[in-house]
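*Asks:* I am attaching a structure below and will ask some questions about it afterwards.
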Amino acid sequence: MKSTYKIIWSDEAFKNLQHIVAYLENFWTAKEIRKFAKLLDKQLVLIKQHPTLFPNSNNSIHIRISVLTKHTTL
């Protein structure tokens, strides 16, 4: 299914992702990092295809929240 939606990363969100990746590289195994990356990729595809599955942010109706893990929210 081709998506008509686009994910737009804010500067803050992209920096947070970079910090998460740096943390994972320091404290997780390569296998755990690959598993996290695969989970992230799958979630991003789901967000692109069905963004209305996820609730609106309390801060803006134009932003939706997707829980990736109990410690990570997109």
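The values are calculated or read from the model by the stated rules, or taken from the named source; none is laboratory data. None of these values were measured; they are calculated from a predicted model. Every residue, glycine as well, gets a Cβ built from its backbone with ideal geometry; the counts of neighbours run over all protein chains shown. These accessible areas exclude ligands, DNA and RNA; they are computed on the full protein's heavy atoms, side chains included. Shrake-Rupley method; radii C 1.70, N 1.55, O 1.52, S 1.80 Å.
A quick yes/no check of all residues on (1) open to solvent by 50 Å² or more (accessible area, probe 1.4 Å); (2) under 15 Å from the mean Cα position of the chain (by Cα):
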| residue | (1), (2) |
| --- | --- |
| K6 | yes, yes |
| F14 | yes, yes |
| L17 | no, yes |
| W28 | yes, no |
| K31 | yes, no |
| K35 | yes, yes |
| D41 | yes, yes |
| L46 | yes, yes |
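*Asks:* Take region 48-68 and flag every residue that is outside any loop (DSSP other than H, G, I, E, B), open to solvent by 40 Å² or more (accessible area, probe 1.4 Å) and farther than 18 Å from E12 by Cα. Explain how you work it out, then say what you get.
*Replies:* Looking only at region 48-68, we keep the residues that are outside any loop (DSSP other than H, G, I, E, B), and these are 48-49, 51-53, 56, 64, 67-68.
Next, from what is left, pick out any that are open to solvent by 40 Å² or more (accessible area, probe 1.4 Å): 48-49, 52-53, 56, 64, 67.
Residues satisfying the conditions are K48, Q49, T52, L53, N56.
*Asks:* Residues of region 5-25 being out of contact with any Lys or Arg (no Cβ under 7 Å at 6 or more places or on another chain) and of a type in the set (V, I, T), which ones?
*Replies:* Of everything in region 5-25, those that are out of contact with any Lys or Arg (no Cβ under 7 Å at 6 or more places or on another chain) and of a type in the set (V, I, T) turn out to be I8, I20, V21.
*Asks:* Ok, one more. Just to check your reading of the model, which residue among I7, I20 is assigned to a loop (DSSP other than H, G, I, E, B), touching a helix residue (DSSP H, G or I) at 6+ places or on another chain (Cβ under 9 Å) and in contact (Cβ under 8 Å) with a residue 12 or more places away in the chain?
*Replies:* Numbers: I20 fails: assigned to a loop (DSSP other than H, G, I, E, B).
Result: I7 is the single residue among I7, I20 that is assigned to a loop (DSSP other than H, G, I, E, B), touching a helix residue (DSSP H, G or I) at 6+ places or on another chain (Cβ under 9 Å) and in contact (Cβ under 8 Å) with a residue 12 or more places away in the chain.
*Asks:* What's the total number of residues in region 6-57 that are among the charged types (D, E, K, R), modelled with pLDDT of 90 or more and over 15 Å from T69 (Cα atoms)? First the steps, then the outcome.
*Replies:* Initially, region 6-57 is screened for residues among the charged types (D, E, K, R), giving 6, 11-12, 15, 25, 31-32, 34-35, 38, 41-42, 48.
Checking the rest, the ones that are also modelled with pLDDT of 90 or more come to 11-12, 15, 25, 31-32, 34-35, 38, 41-42, 48.
Those still in the list that are over 15 Å from T69 (Cα atoms) too: 11-12, 15, 25, 31, 48.
Residues flagged as among the charged types (D, E, K, R), modelled with pLDDT of 90 or more and over 15 Å from T69 (Cα atoms) within region 6-57 amount to 6.
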